[in-house]
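Here is the structure we will look at.
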Amino acid sequence: MDQIFGKMKNLQAMLLIFISVLLLSFHFFFVYFINSKYLNGILSEKTVGYTYAIGSLLNIIIFVYAPAFLRKFGNYKLTLTIGLVELLALLGLAFTTTPALIVGLFIIHQAVGPMLFYCMDIFTESFSTAEEMGNIRGVYLTMQNIPPVITPAIVGLILVKPEYWKVYLIGALFLIPFFILIISNFKNFKDPEYPIINLSQALKRFYNEKNIFDVFIDHFLLHVFYAWTVIYIPLYLTNHIGFSWGEVGIILSIMLLPFIIFQIPIGRMEDKYHDEKHVLVLGFSIMAASFMLIPFIHEKSLVLWAAVLFVSRIGASIVEVSSESYFFKHINPSNAGFISFFRMTRALPFFVIPPIVGMTLLVADFPFIFFVAGLLMLIGVRYALLLKN
């Protein structure tokens, strides 16, 4: 146990946070990979991307005002309020059959879902220190990434028949024990002081903090990679390669294994050696190479696709824990504005990817959108090299 958790300052609080994140992640990832395919039942492939963009734009607006919400309500009440909205949105998606309402509820889910992880970041920051941040983020991210390894295979079994309502209902039900855990243990949470933030001044300060800004760019590119995958990989594997949902579920589960294999040891290593910079370079190089291969793979081979996507996630798992560790070592709980900007990286890609994909499809076939994504990952190598360890 000590090898995993080390000498954390507030071990009991961190264990509760890790369990909460695990439940939250199960709720989120049960529906994460099916959303684009579900929407594709009522919208075109291109329109699906723009629906994500609308939800992400609303998410960005919420993040901008998040410090103000925290000052007014506190992190405990904000967590429960956002969680209730998310619960209602998923229950609506489970039981409505009206296309317009489905799109509206998905937009709400896309807007508020990531805010729950932001709230958990505030809790985590309040019970941790910079010296143990690599280890904490490694465990935190492993808890967050266990569900996406398990859920795609389960979802594939559920969707032998296209009964999407079952998946959304299960996702909603995971919020119930999450609420119980938060109410039972964090009701008396003492909020740090959240400073009043002038957006233009905060953006200027964020840009001038070069290390923070550069790692933000790297984290943004990581989430470009994730968003590209979550929208277009399920569509590509089912609509173009010809896999069933059961096969896609197996591929995605294998693809995501690196997140529970590598992140704890990498986090501990970075606490010891403080060399996130070169680890980020390695991770982005792997991500770029693996995605640039995709247009040249035409075989309907479960083993081949699982292997290529598995390698891509080795790179992503390295980048995720390294960028998170580097960022949170350089800020403190009162930097709610910086955390807001950092967590916008979950939403921003959905806003910028559809136009890039649209322009790519004007001059190339669908598979080459993944080659473009690989090229974008090379930008991450450039910004990683600018960081100071």
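The values are calculated or read from the model by the stated rules, or taken from the named source; none is laboratory data. Predicted model only: the values in this text are computed from it and were never measured. Note that we place each Cβ from the backbone using ideal geometry, even for glycine, and neighbour counts take in every protein chain shown. Note: accessible area is taken over every heavy atom of the protein model, side chains too, but ligands, DNA and RNA are not part of it. Shrake-Rupley method; radii C 1.70, N 1.55, O 1.52, S 1.80 Å.
Against the numbered list (1) in contact with a helix residue (DSSP H, G or I) (Cβ under 6 Å, 6 or more places away or on another chain); (2) charged (D, E, K, R); (3) over 26 Å from residue 351 (Cβ atoms), residue 272 comes up short only at (1).
Residue-wise test of (1) within 26 Å of residue 353 (Cβ to Cβ); (2) part of a helix (DSSP H, G or I); (3) open to solvent by less than 10 Å² (accessible area, probe 1.4 Å).
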site	(1), (2), (3)
47	yes, yes, no
55	yes, yes, yes
71	no, yes, no
113	yes, yes, yes
118	yes, yes, yes
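The combined condition, being closer than 12 Å to residue 25 by Cα, open to solvent by 50 Å² or more (accessible area, probe 1.4 Å) and over 14 Å from the mean Cα position of the chain (by Cα), is fulfilled by residue 150. The number of residues in the stretch 1-33 that are modelled with pLDDT of 90 or more, open to solvent by less than 50 Å² (accessible area, probe 1.4 Å) and of a type outside the set (Phe, Trp, Tyr) comes to 10. Among the residues of the stretch 81-102, those that are of a type in the set (A, V, I, L, M) and crowded, with 19+ Cβ neighbours inside 10 Å comprise 82, 87, 89, 90, 93, 94, 102. Could you look through the stretch 301-314, keep only residues that are over 15 Å from the mean Cα position of the chain (by Cα) and not aliphatic (A, V, I, L, M), and pick out the one that is nearest to residue 291 (Cα to Cα)? The residue in question is 312.
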